[in-house]
1. Does any residue in the stretch 76-99 that is of a type in the set (Lys, Arg) come within less than 9 Å, Cβ to Cβ, of a residue that is in a helix (DSSP H, G or I) six or more places away or on a different chain, and which pairs are these?
2. Of the conditions (1) touching a helix residue (DSSP H, G or I) at 6+ places or on another chain (Cβ under 9 Å); (2) more than 26 Å from Gly222 (Cβ to Cβ); (3) among the aliphatic types (A, V, I, L, M); (4) open to solvent by 40 Å² or more (accessible area, probe 1.4 Å), Leu75 fails just one. Which one is it?
3. Here is a check on your reading of the model: is Arg97 farther than 17 Å from Glu137 by Cβ and among the basic types (Lys, Arg)?
4. If you take the residues in the stretch 225-253 that are at pLDDT 95 or above and in a loop (DSSP other than H, G, I, E, B), which one is surrounded by the most Cβ atoms within 10 Å (Cβ to Cβ)?
5. Within the stretch 145-167, take every residue that is surrounded by fewer than 17 Cβ atoms within 10 Å (Cβ to Cβ) and either among the aromatic types (Phe, Trp, Tyr) or at pLDDT below 95 (or both) and give me the one that is farthest from Val102 (Cα to Cα).
6. Which one of these is open to solvent by 20 Å² or more (accessible area, probe 1.4 Å), farther than 18 Å from Val85 by Cα and in a strand (DSSP E or B): Leu142, Leu127?
7. Only one of (1) open to solvent by 60 Å² or more (accessible area, probe 1.4 Å); (2) in contact (Cβ under 8 Å) with a residue 12 or more places away in the chain; (3) not aliphatic (A, V, I, L, M) is not met by Gly49, so which one is it?
Amino acid sequence: MPVLLLSPRFSSDSIALATEASRLSWRVHRLHDRRPPARLAEEDLVFYGESLLADTIGKALGLALLEPAADSLSLLPAELVLRDVRFTSLGAARGERFPRFVKPADEKQFRASVYHSGAELPGSEVLEDSLPVLTAEPVRWLDEYRCFVLEGRVVTASPYAWKGEREEPSLAAFDLEAAKAFAAEVLARAGDSFPSAVVLDVGRIEGRGWAVVELNPAWSSGLYACDAAGVLRVLPRASGTSRTVASGDARWLRPLPDIEG
């Protein structure tokens, strides 16, 4: 049976996954610090946690973590994103026409937000101009949904935002079936440009319609109201080990640094 490897940081998501994993007779190992026992490297590991932890322990444990390419969103057909999206550098983003939504392409080095001038972005004395970022035309999202995907199919999905807020007015306000249908359309048209296990976020843009919000690694994404059992179906492919990774997924592997000590 797999061993679900969890961060020392307790969260409602990790607790839900640990509870379901135990029900399935998986073993659960919650790390006490960032120095994992060497014996874990011999186990059939499935990782769920933050990216900084993954980078700290990943090489030592032979983790094989799948993540979408940083420029995936910008390469999708225009009719699937319904807004201008660009993959560029932080330095170049300062010269774009504002207002503009700007976010780091890989990590959370600065706040993803709508910026009204290049001067509001972190300066070169704070972050390197070469930092990859995604910029996008600002739009108003009516509702947003998280989909955990395995081999081109939505396994479990959940609403997570209403008019930009992480609050649910009522489940009746959402259309989860329509969200899953649109996600299936995206996967049918562009699924070969994503890892076989991934999180796909979709939503409705006011006055435009259904569009892809973004893509994220399944192993570090919040569950919201997604079914924990469904997420556990996705995680072994998304965050297994080098012994279990499928050959077709090699191009989606997160580069893991060598960290001493």
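The values are calculated or read from the model by the stated rules, or taken from the named source; none is laboratory data. Just so it is clear, the model here is predicted, and its values are computed rather than measured. FYI the Cβ positions are ideal-geometry reconstructions off the backbone, even for glycines, and counts take in every protein chain you see. Keep in mind that these areas ignore ligands, DNA and RNA; they rest on the heavy atoms of the full protein, side chains included. Shrake-Rupley method; radii C 1.70, N 1.55, O 1.52, S 1.80 Å.
1. Close Cβ pairs (under 9 Å, with a partner that is in a helix (DSSP H, G or I)) amount to Arg86/Ser74; Arg86/Ala92; Arg86/Ala93; Arg94/Gly118; Arg94/Ala119.
2. Only one criterion in (1) touching a helix residue (DSSP H, G or I) at 6+ places or on another chain (Cβ under 9 Å); (2) more than 26 Å from Gly222 (Cβ to Cβ); (3) among the aliphatic types (A, V, I, L, M); (4) open to solvent by 40 Å² or more (accessible area, probe 1.4 Å) is unmet by Leu75, namely (2).
3. The answer is no for Arg97.
4. Taking the candidates together, the pick is Cys226.
5. Among those residues, the one meeting the criterion is Glu167.
6. Among Leu142, Leu127, only Leu142 is open to solvent by 20 Å² or more (accessible area, probe 1.4 Å), farther than 18 Å from Val85 by Cα and in a strand (DSSP E or B).
7. (1)
Let's see how each residue does on (1) over 17 Å from the mean Cα position of the chain (by Cα); (2) open to solvent by less than 40 Å² (accessible area, probe 1.4 Å):
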residue: Asp13; (1), (2): no, yes
residue: Glu20; (1), (2): yes, yes
residue: Arg23; (1), (2): yes, no
residue: Glu42; (1), (2): yes, no
residue: Asp55; (1), (2): no, yes
residue: Asp71; (1), (2): no, no
residue: Leu82; (1), (2): yes, no
residue: Gly91; (1), (2): yes, yes
